[in-house]
Each structure stands twice: as structure tokens, then as C-alpha cells.
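K.L.:
My questions all concern the structure below.
The values are calculated or read from the model by the stated rules, or taken from the named source; none is laboratory data. Keep in mind that this is a model prediction, so the values were computed, not measured. Quick reminder, even Gly has a Cβ in these numbers, built from the backbone with ideal geometry, and neighbours come from all protein chains shown. Just so you know, the surface numbers come from the protein's heavy atoms only, side chains and all, with ligands and any DNA or RNA stripped out. Shrake-Rupley method; radii C 1.70, N 1.55, O 1.52, S 1.80 Å.
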Amino acid sequence: MQFHLNGFRPGDPSHHRASRDLGDRPTDKVDVLIVGCGPTGLTLATQLAQFSDIHTMIIDQKSGPLKVGQADGIACRSIEMFEAFGFSEKVLKEAYWVNETTFWGPAEDDPTMIARTGRIQDVAEDLSEMPHVILNQARIHDFYLDVMRHSPNRLEPRYDRVFIDLRIDHEQDYPVSVTLDHHGSIETVRAQYVVGCDGARSGVRNAMGAELVGETANKAWGVMDILMDTNFPDIRFKSVVRSSEHGHILIIPREGGYMVRLYVEIETLASGVRAKDRNITIDELIAAAQRILHPFHVDVKEVAWWSVYEIGQRLCPSFDNATGDHPATVFIAGDACHTHSPKAGQGMNVSMADAFNLGWKLAAVLRGQLPRTALATYATERHGVAQDLVDFDRHWAKEFSTCGNGQSNLDQRRFQDYFEEHGRYMAGVAVQYTPSLLCKEPVDQSLAGGLTVGMRFHSAPVIRLWDARPLQLGHCLKADGRWRLMIFNDPSDPSDQSSRLWRFCDWLSDDITSPLNLFTPRGADPDSVIDVRAVFQQTHRSIAPEMTHPLLTPKKGSYRLSDTEKMFCTDPCFDIFEHREVDRHRGCALILRPDQYIADVSALGTYDAISLFFKGIFDH
């Protein structure tokens, strides 16, 4: 974390100075109105709250913050995102870490009892620097709310406001007029953009005239968070349990060391029957769990929360209200546009990723950096991810429900293999966006085979040059709306003024046609729009940092202080060039989007390609 740039300021450095015009901002006219204070809405609000010149309002029909949440599984990619917002350490300190997953099935000598059939590492080596963890959704809300209230905008949700309807007049500067009910009093808010993060029964989606399309399967499941006494040996491991006659259980240990969540298969529903129609009781859930876990005893002492649901996968065909005549002004995200079963642990994670994708784009358009046409990439990129999720969930639910009953150990091993093979997907790191205005078709991916264009930047350990601090390179990619130009140098000495690196930095800093000079506002810090960083192949002790190019130690702030956190060297214990397959001879330059996805890769010093990319998005 960097602070004191514009003068010493005591106190918590994560608490930003408040915007000067907060008291003058109207409550009936905003840049972005977010409907819904779930994880999707709060992710979006937290991103937009970082920009003092954007007026954001977030509302919810509830009377206050969530106290007990339903979602709990947090994928590796989500923790990477939390790091960009500055609260990953709080999550990791409090959460249960899913280190291994165990598998149980009918015992060979007595199929009426269960026995352990396998065990795997939950997150494969070097899949992410972050673990897969379990933490109550309400705590994630708390962390987001804390970042929001200490942001430049001091953003706080406005509760007790029920969305009624919206109308659009494209002739107005604030074209979306939203009607709200606040304790029986009608309020009207005009906005440039409205985002519905209001769940599967989304009022915003209905106002768009859109609907979720799909099917509800005829399988009922129960879920309960409980405190129980048991002699089941893997109660503190994530466990998949399949009995021979009584169904299946997914065991998810919860944070705190004592509570556990059980997803319990109950029964097949008759055609046209919904799970809610069965009036299943908590006693029935507990009895089902006891039958499945036989011969181990299950003595439930307290039920913190429980519910019954049926598996279903539904997807909205459109994520915005764009037409051939008008660009989008209304968007939906999260459960408002895709629903599925909770057992794969993807719901909250994919929903937050929707918001992270949309947030920086809205900010860039509102700040005049990107054209409004860039917002169309939200629907195209995230609809593809949602479709993959629905397809995966349908297959996953089928595999989970069919494997076990009367099947051989070979079939059970196949299920375990399926689970392991899809680890990248469940960790949230398998997403790859297709070419668009904001993501190029790579010309030469061999320059960095392990850093794929369209995928998130895969972090790795490095040593920071100026202070020899070991850290993860990806942790410098904060959710601040900036683009990054990440230079991986060839073998040359970084202080060699005849090297390709030096000439490249000369072009970036001095040439009037370089993106830094074309798109950095006059008087702004040189890295305010495009943040240039460099990684060297040499060890940190073999480089004199004061002899490197001045671009890589830029002068910033009101005092023009040197930023010494732009240059990195390989970690002797984990060579980033080797593990990310970066061409040592040629080097490369990666263009990273504000959401940490790789937009392009080019050879070191390929001026035209880099210039054309940034002109294509900024020059409008």
C-alpha cells in the first residue's frame, strides 16, 4: 500500500479523503443507480466508490445490512479480486480454508455403510496464489461496506427502498427515471445508468421486459448450517458422501471451527411439484443426513439456518436494454440474469465477477475515457460466462445425483476424476474472453504462453527492486480503474541505454504519439491512466535501481516524489519467466485491463501495436 504521496496524513491509510462536493450532490439525480445490496451490487458499488467524480447510489428493499447469508463458498479468483479492493487478508484470516476434498461411498464389504474412497488437493499447485475458502456471505458484505464508507465518496446504501418501475427517455441527459417506494412515500431518481443486482426475482429485469429462460429439475435438496456432535472423521474436510440407498451429502465445514453446512439430497419430485409444496421439515433433513452418514452418529445440537430448494438452471437472453437505435442504459447482473444450483459454489463468485467486469467500464465511460460502445462488451463477455456456468452446473448436478447408488468403485472414481478435472473452472480462473474492442486477438501468444490473452493475469512471486521485498506481482493490480502495461524485459541490463527496454521507455515517455502522452490528462500523474511496470530477469542485487530508466521511477503527486514500486526481479525460488512461459530472448509487453484481464501481448518495443490498441479504445 502506498500513501503520504501528497503529504503526511495520520490514521488508517485505507481511509481516503472525502470528495469535496459530497454535501452538494442531489439525491434525485445520480450517475449510476444500483438496485440491490447483495454481493453483486456491493462489488459494483465498491468499484464505483473509488472515483470521486462519479455519483453513485445503491438501494435495497431490506431495512439494513445482511446478518446471515446463504452463500459461503469463495473461489480463488474472488479472493484475487478482494485483494484488488484491499480486504483479502481480512477474509483469509476469518475464513475456513478448503485444503483437501474427501470422497465417501458404499463400503465394499458392507454397502449399507459408507467408507472413504478418495482424497484430493482442493486447489491444484500454482492455480492461484489464493486459496478456496468458506465464509458467511454477510461478512463479505461487511468488508465491502467498510471499503465503501471510507472511499472518496463515503458511499452508504439507502435501505427500505422498494423498486417499483423505471422509464427511459433517451432525449434526457439522465435518461432512466426510477420509481421507488420508501415506507409508502414515492421517490423518483433519475440516472444515467441503472444496474439491477436484485436477484432471481429482479424487478429491474422485469422492467426491461426480459425473463429467465430454462428449467427446474425435479430433484429436491436441503441445506442446513448446524452445530453437531459426530464421529464422522472428515467433518472438517469438504466431503462428497454417496450412500448406496439413501442419497448424497455435500459437507462444507464453516468458519469458526465448529459449524458445518450440509447439502442433503432428499427426493425426486413428481412432475409439476415444487420443493416448497412438499413442506419438508428440518427434522426430515436431519433424519436424511443421519441415514446417509450411517454408521456414524449425527447429533444436531443447533440449526443456525436451513432451506429447501430444487436444482434448476436458467439464463436471461439479454443482460442489458441495448437496441439497434440506442446503447444500453440499464443492465442486470448476478442472479438477476443467471440462476443455478448452489453445490458447485459458483453463484456468488460469478455474480461478483459480473459486477467487477461492468464496474470499471461504467467508470471509464462516465469519466470520458471509453466510448459508450465499450459497454456492449459487458453483455457479450459475461453472457458467455453465464452460459458456461449453466452448462457446467447442469452436468455437475447430474454427475452428483447419479453417481453412487448401486454403482461400482470405478464409477465413483470417475466422479472424483471429474471433480478434479474441473478444478480450474470451480476456482474461477478458467474464464477467457473472446476478442473485442477491449481484448485483442493475440498475434504471438508464444511470447508468454502462460499469460493468455483474454484470461486473468496469473500472478507469481517476484522481488521488488528498490527494497528487496518479496511479493505477488498480481497484488499491484488494484481496483483503481487504471490500465497496466507490464513489461517483461529481455536478458539485457536494465541500465543499458542502448537496450530495447530503454528505447521502449524513451518512446513511452518522450514521443508525442505514445499512449502515455496522448491519453494522460495535462497535469495528471504519468501513471494515472496507464501504469507502466517492469519485470527483470536479473536478481535484485545485480541491478542498480538508480541507473534504470526514469519512466520506471516516475515523479508523482504535489511534491513530485519518486515512485519506487514499479520494478521487479525474479524470485530465486520461483522464476516467473519460466513458470509463466515468457520468452526470455524477446521479452514482451502485456496490456492489462483494469479488471486484471490480459488485453494483448506483444513483443518488447512493438510500438505500433501498443499505440493502435490504446487509440482504438481511448481515441473517440
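K.L.:
How do the peptides 479-485, 551-557, 32-38 rank, highest first, by the average count of neighbouring beta carbon atoms within 10 Å per residue? Each step should come with its number before you reach the end.
P.N.:
On the way: 479-485: 20.1, 551-557: 17.4, 32-38: 27.9.
My ranking of the peptides, most packed first, is 32-38, 479-485, 551-557.
K.L.:
Say each of Glu156 and Ile186 gets a label point 7 Å from the Cα, pointing the same way as Cα to Cβ; how far apart are those two points in nm?
P.N.:
Between Glu156 and Ile186, the label points sit 2.8 nm apart.
K.L.:
Let me ask something else about it. Once fully extended, how much extra length lies between Trp305 and Glu245, figured as 0.36 nm per residue of separation less the alpha-carbon to alpha-carbon distance?
P.N.:
Contour length minus Cα-Cα distance gives 18.9 nm.
K.L.:
Now a separate question. Counting alpha carbon pairs within less than 8 Å and at least 6 residues apart, what relative contact order, in whole percent, applies to the range 449-596?
P.N.:
38
K.L.:
Per residue, how much accessible area does the chain have with a 1.4 Å probe, in Å²?
P.N.:
Per residue, the chain has 42 Å² of solvent-accessible surface.
K.L.:
I need the Kirkwood Rh of the chain: take the reciprocal of the average 1/r across all distinct C-alpha pairs and report it in angstrom.
P.N.:
Values: mean 1/r = 0.0383 Å⁻¹.
After inverting the pairwise mean of 1/r, the radius is 26.1 Å.
K.L.:
Please list, by residue number, every one of the GluC sites (Glu not before Pro) in the range 141-235 that is coil in DSSP and has at most 11 other beta-carbon atoms within 10 Å. If you can, show how the numbers build up before the last one.
P.N.:
On the way: sites: Glu171, Glu187, Glu211, Glu215; in loops: Glu171, Glu211.
Listed in order of number, the matching sites are Glu171.
K.L.:
Let me have the 222 nm mean residue ellipticity of the chain computed from DSSP H runs of 4+ only, each contributing -39500 (n - 2.57), with the sum over all residues rounded to the nearest 500. Intermediate results must be reported in sequence, preceding the final value.
P.N.:
Details: 14 runs with 153 residues, N = 620.
It comes out at -7500 deg cm²/dmol, rounded to the nearest 500.
K.L.:
Antiparallel as a % of all DSSP beta bridges within the range 440-572, to the nearest 5? Walk me through the numbers on the way to the answer.
P.N.:
Values: 8 of 17 bridges.
Among the beta bridges of the range 440-572, antiparallel pairing accounts for roughly 45 percent.
K.L.:
Asp165 to Asp142: FRET efficiency via 1/(1 + (r/R0)^6), r the Cβ-Cβ distance, R0 30 Å, to the nearest 0.05? Spell out each step's value before the answer.
P.N.:
Numbers: r = 31 Å, r/R0 = 1.04.
So, using R0 = 30 Å, E works out to roughly 0.45.
K.L.:
Residue separation times 0.36 nm, minus the C-alpha to C-alpha distance between Trp97 and Asp21: what's the value? It would help to have the intermediate numbers written out before the result.
P.N.:
Numbers: separation 76, 0.36 × 76 = 27.36 nm, distance 4.26 nm.
Net length gain for the segment: 23.1 nm.
K.L.:
Also, I was wondering about something else. Out of the total accessible area of the range 1-64 (probe 1.4 Å, heavy atoms of protein only), what percent is carbon and sulfur?
P.N.:
Values: 1480 of 3130 Å².
On the range 1-64, the fraction of accessible area on carbon and sulfur atoms equals 47 percent.
K.L.:
For Val68 and Arg201, what is the calculated FRET efficiency with R₀ set at 22 Å and r taken between the beta-carbons, to the nearest 0.05? Don't skip to the end; give the middle numbers.
P.N.:
Numbers: r = 20 Å, r/R0 = 0.89.
Efficiency for this residue pair is about 0.65.
K.L.:
Shifting gears a bit: Based on the alpha-carbon gyration tensor of the range 101-191, what equivalent-ellipsoid semi-axes (square roots of 5 times the eigenvalues) come out, in whole Å, largest first?
P.N.:
On the way: eigenvalues 507, 84, 47 Å².
Square roots of five times the eigenvalues give 50, 20, 15 Å.
K.L.:
While we're on this one: In whole Å, how far is the Cα centre of the range 233-258 from that of the range 2-54?
P.N.:
Here the answer is 41 Å between Cα centres.
K.L.:
Between Phe3 and Arg116, 0.36 nm times their residue separation minus their Cα-Cα distance comes to what?
P.N.:
Values: separation 113, 0.36 × 113 = 40.68 nm, distance 5.17 nm.
In short, 35.5 nm is gained.
K.L.:
For the range 495-601, which chymotrypsin sites (Phe, Trp or Tyr not before Pro) pass both filters: DSSP loop (anything but H, G, I, E, B) and at most 11 other C-beta atoms within 10 Å? Don't skip to the end; give the middle numbers.
P.N.:
On the way: sites: Trp502, Phe504, Trp507, Phe519, Phe536, Tyr559, Phe568, Phe574, Phe577, Tyr597; in loops: Tyr559.
When the chymotrypsin sites (Phe, Trp or Tyr not before Pro) of the range 495-601 are filtered for loop state and at most 11 Cβ neighbours within 10 Å, Tyr559 remain.
K.L.:
Here is a further query. DSSP H helices in the chain with Cα extent of 24 Å or more along the helix axis and mean Kyte-Doolittle hydropathy at least -1.0? All intermediate terms of the calculation are to be shown ahead of the outcome.
P.N.:
Numbers: long enough: 347-366 (29 Å, 0.83); 376-402 (40 Å, -0.77).
Both cut-offs are met by 347-366, 376-402.
K.L.:
Collect residues whose amide H, placed 1.01 Å from N in the peptide plane, falls under 5 Å from the amide H of Gly247; neighbours closer than 5 in sequence don't count.
P.N.:
Those qualifying (amide H under 5 Å, at least 5 residues apart or on another chain) number zero.
K.L.:
Return the Rg/Rh ratio of the range 427-540 with Cα-based radii and a Kirkwood Rh.
P.N.:
Using Cα coordinates only, the ratio equals 0.96.
K.L.:
Ordered by packing density, taken as the mean number of other Cβ atoms within 10 Å over each peptide's residues, highest first, how do 64-75, 463-474 rank?
P.N.:
Values: 64-75: 18.7, 463-474: 16.9.
Packing proxy ranking, top to bottom: 64-75, 463-474.
K.L.:
Label point 7 Å out from Phe574 along Cα-to-Cβ: which residues of the range 522-537 have amide N under 19 Å?
P.N.:
What the label zone holds, given the 19 Å backbone N cut-off, is 534-537.
K.L.:
Which part of the range 483-515 falls in the paramagnetic zone of Arg560, meaning amide N under 19 Å from the point 7 Å along Cα-to-beta-carbon?
P.N.:
509-511
K.L.:
What are the equivalent ellipsoid semi-axes of the range 510-620, built from the alpha-carbon gyration tensor (square roots of five times its eigenvalues), in whole angstrom, biggest first? Could the numbers behind the result be given before it?
P.N.:
Working: eigenvalues 122, 81, 29 Å².
Semi-axes from the Cα gyration tensor: 25, 20, 12 Å.
K.L.:
Tell me the chymotrypsin sites (Phe, Trp or Tyr not before Pro) within the range 107-190 that lie in a loop according to DSSP and have at most 15 other beta-carbon atoms within 10 Å. Could the numbers behind the result be given before it?
P.N.:
Details: sites: Phe143, Tyr144, Tyr159, Phe163; in loops: Tyr159.
Taking the range 107-190 and a limit of 15 other Cβ atoms within 10 Å, the loop chymotrypsin sites (Phe, Trp or Tyr not before Pro) found are Tyr159.
K.L.:
Could you grab the relative contact order for the chain? Cα pairs under 8 Å, six or more apart, rounded to a whole percent.
P.N.:
With pairs under 8 Å counted, the relative contact order is 14 percent.
K.L.:
Quickly work out the Ala603-to-Glu125 label distance, labels modelled 7 Å from Cα along the C-beta direction, and quote it in nm with one decimal.
P.N.:
Result for the modelled spin labels: 3.4 nm.
K.L.:
Between Asp53 and Asn517, how high is the FRET efficiency from 1/(1 + (r/R0)^6) when r is the Cβ-Cβ distance and R₀ = 22 Å? Nearest 0.05. Don't jump to the answer; show the numbers that get you there.
P.N.:
Numbers: r = 23 Å, r/R0 = 1.03.
That pair, Asp53 with Asn517, gives E of 0.45.
K.L.:
Please figure out what share of the DSSP beta bridges in the chain is antiparallel and state it in percent, rounded to the nearest 5. Please report the intermediate quantities before stating the final value.
P.N.:
Working: 81 of 108 bridges.
Taking every DSSP beta bridge with both residues in the chain, the antiparallel ones total about 75 percent.
K.L.:
Let me ask another. Could you give the nm distance between label points at Ala468 and Arg424, where each point is 7 Å from its Cα heading toward the beta carbon?
P.N.:
3.8
K.L.:
Using the per-residue mean of other Cβ atoms lying within 10 Å as a proxy for protection, in what order, highest first, do the peptides 437-450, 380-393, 7-20 fall?
P.N.:
Per-residue Cβ counts within 10 Å, averaged per peptide and sorted highest first, yield 380-393, 437-450, 7-20.
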